[in-house]
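Novice: The structure under discussion is supplied below as structure tokens; questions concerning it will follow.
The values are calculated or read from the model by the stated rules, or taken from the named source; none is laboratory data. The model shown is predicted, which means the values in this text are computed figures rather than measured ones. Heads up, the Cβs are rebuilt from the backbone with ideal geometry, glycines too, and the neighbour counts pull from every protein chain shown. Surface areas here come from the heavy atoms of the whole protein model, side chains and all, with no ligands, DNA or RNA. Shrake-Rupley method; radii C 1.70, N 1.55, O 1.52, S 1.80 Å.
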Amino acid sequence: MEKSLTLTIISPDRILYQGKADSVVLPGSVGYFGVLPGHASLVAQLDFGILKMHSAGGHTMALAIDGGFCEVKNDHIRVLTEGGEAKEDVSLHHAEELLEEALQLPPGIYRENQVKKAKVRILLHQS
């Protein structure tokens, strides 16, 4: 029997995804990293970025996530994030509006995070 991963992605207001995957690539705080079945246990900080999961039959799904943390343990990946959107839910027009609004904010962490959020969604839409 071929092993797979169970992936759960949770935001404060809903479960963004729950299901099986053969591999997952996550946006870590110091760069992207991959997880395959049998991976060592770990807890990692996540940055704004694109989470990609691959499953049997070549199916790939991508989500924009807004930072957070993940735990990998016993072939289960749990992602806690401030927010996220699946590629099919991302509107390029809306993401560009978010970027314009973010660039008008005063300098600081909130502005930086809003710019990252918008840019990740634009990148996801273009991928």
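Novice: Among LEU99, LEU123, GLN45, whose Cα projects farthest towards the positive end of the dipole of the chain, with charges put on the beta-carbon of Lys, Arg (+1) and Asp, Glu (-1)?
Specialist: GLN45
Novice: Of the accessible area of the chain, with the probe set at 1.4 angstrom, what percent is carbon plus sulfur?
Specialist: 55 percent
Novice: Something else about it: With a probe of 1.4 Å, find how much accessible area the range 3-127 has per residue, and write the answer as a whole number in Å².
Specialist: Counting only protein heavy atoms, the per-residue value for the range 3-127 is 56 Å².
Novice: With springs only between Cα atoms under 10 Å apart, run a GNM on the chain and tell me which of GLN104, GLN114, GLN18 wobbles the most.
Specialist: Residue with maximal mean-square fluctuation among GLN104, GLN114, GLN18: GLN104.
Novice: Here's a follow-up. Calculated FRET efficiency, LYS3 and LEU105, Cβ-Cβ r, R0 30 Å, to nearest 0.05?
Specialist: 0.10
Novice: How far is helix 92-103 tilted off the main Cα axis of the chain, in degrees rounded to 10, range 0 to 90?
Specialist: Taking the Cα atoms of the chain, the angle to 92-103 is about 60 degrees.
Novice: Residues of the range 9-23 with amide nitrogen under 15 Å from the 7 Å Cα-to-Cβ point of ALA86?
Specialist: Correct set: 9-11, 14-21.
Novice: Of the trypsin sites (Lys or Arg not before Pro) in the range 1-44, which ones lie in a loop per DSSP and count no more than 14 other C-beta atoms within 10 Å? The partial results should precede the final answer.
Specialist: Working: sites: LYS3, ARG14, LYS20; in loops: LYS3, ARG14.
The qualifying sites are LYS3, ARG14.
Novice: Something else about it: Using only Cα atoms, tell me the angle between helix 109-126 and the longest principal axis of the chain; keep it within 0 to 90° and round to the nearest 10.
Specialist: The two axes meet at around 60 degrees.
Novice: Exposed loop GluC sites (Glu not before Pro) only (DSSP loop, at most 16 other Cβ atoms within 10 Å): please give the longest stretch of the chain free of them, not including the sites. Before the final figure, lay out each step's value.
Specialist: Numbers: sites that count: GLU2, GLU82.
Longest site-free region, per DSSP loop and neighbour criteria: 3-81.
Novice: State the percent of C-alpha pairs, over all pairs in the range 54-127, separated by a distance greater than 19 angstrom. The partial results should precede the final answer.
Specialist: Working: 1238 of 2701 pairs.
The share of Cα pairs beyond 19 Å in the range 54-127 comes to 46 percent.
Novice: The chain: D in µm²/s via Stokes-Einstein (Kirkwood Rh, Cα pairs, 4 °C, 1.567 mPa s)?
Specialist: It comes out at roughly 86 µm²/s.
Novice: Given Cβ point charges of +1 (Lys, Arg) and -1 (Asp, Glu) and nothing else, what value in debye, to the nearest 20, does the dipole of the chain about its Cα centre take? Before the final figure, lay out each step's value.
Specialist: Values: 12 positive and 16 negative charges, 70 e Å.
That gives the chain a dipole magnitude of about 340 debye.
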